[in-house]
1. Quick one: dipole size for the chain, taken about the Cα centre, charges +1 on Lys/Arg Cβ and -1 on Asp/Glu Cβ, in debye to the nearest 20.
2. List the relative contact order of the chain as a percent without decimals, with contacts defined as Cα pairs under 8 Å and 6+ residues apart.
3. Using just the helices of the chain, give the 222 nm mean residue ellipticity in deg cm²/dmol: DSSP H runs with n ≥ 4 each add -39,500 (n - 2.57), and the total is spread over all residues, rounded to 500.
4. Over 10 Å intervals from 0, what percent of Cα-Cα pairs in the chain sits in each interval?
5. Stick to the Cα atoms of segment 169-231, pair each with every other, and give me the Kirkwood hydrodynamic radius in Å at one decimal.
6. Give me the aspartates and glutamates in straight-line cross-link reach of residue 141: C-alpha distance below 18 Å, same-chain residues under 8 apart excluded.
7. Given 0.36 nm per residue, what is the gain on full extension from residue 230 to residue 182 after removing their alpha carbon distance, in nm?
8. Among the listed pairs 47/101; 101/172; 45/114; 100/159; 45/111; 29/114, which are separated by more than 18 Å between their Cα atoms?
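Just so you know, all these numbers are worked out from the coordinates, no wet-lab data involved. This one's a predicted model, so the numbers in the text were calculated from it and none came from an experiment. So basically every Cβ, Gly included, is an ideal-geometry build from the backbone, and we count neighbours across all protein chains shown.
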Amino acid sequence: MLALAGCGRADVPSERQPAFEGVEDLPEKLGADGTTITVGDPDTKVKVHLYEDPRCPYCEQFETSGGGPRLRKAVIDRHATVQYTLASFLDDRVGGGGSKKAVNALRAALKEGKFVEYHEVLYLNQPEESEDGYTDAYLLKLAGQVEGLRSTAFDSAVKSMKYRAFVAASQKAYERAGGAAEPEGPGTPTAVINDKRIPMETNGVLLDGTLFAQLLDQIHANPWEWESTTL
């Protein structure tokens, strides 16, 4: 049986630079449901579905110092595929509109084939949750770190909230993922691997890069064992 372990929150250094080696070759597309963004080889044995809010500090921890970098490597190595459902509930909880603006900007980046790179940049430069720092100006400034992303079309999509319908639909998809027990959504970050959700009491594994990499490796080697694991 595969084992999960918890972990505490580690300090995260500031002002880190993105590393995009290999990601330009990754396919990325919007799913038929209109909300799920899929990155990587669709034929891999390991499918990881992530639920994230761009303002969530624990999502930032996952993406920068936790399992996120290990997951990107697994995707680049064709050992995993990752799917994203982008929530924006923190705007209502702590005020402002930064989550919605960031999700809209990420959808605009997907249109340009630059979702992976921009997603990484946003989390590396995430403002404090309470600051509502994902303004149009800041989102465009960060887009400048992604070669080929800034354009008249992209800038206009960010400033006009072109993909507001996608933002709303993605939030609804996030809420549905919680089911009847969690009508406001499952919490962020949440990971569902091969249709099996890592429960809250053991999701500390998401914040420990070594443990998460080991889990991905074990599932890749023995996917049937993961199917029978009770979490």
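1. So the dipole magnitude of the chain works out to roughly 540 debye.
2. Here the relative contact order equals 31 percent.
3. Calculated from helices alone, the mean residue ellipticity at 222 nm is -12000 deg cm²/dmol.
4. 8, 34, 40, 16, 2, 0
5. Its Kirkwood hydrodynamic radius stands at 12.8 Å.
6. Straight-line reach from residue 141, under 18 Å: 15, 112, 117, 120, 128, 131, 132, 155.
7. 15.2 nm
8. 47/101; 45/114; 45/111, as the Cα separations exceed 18 Å there.
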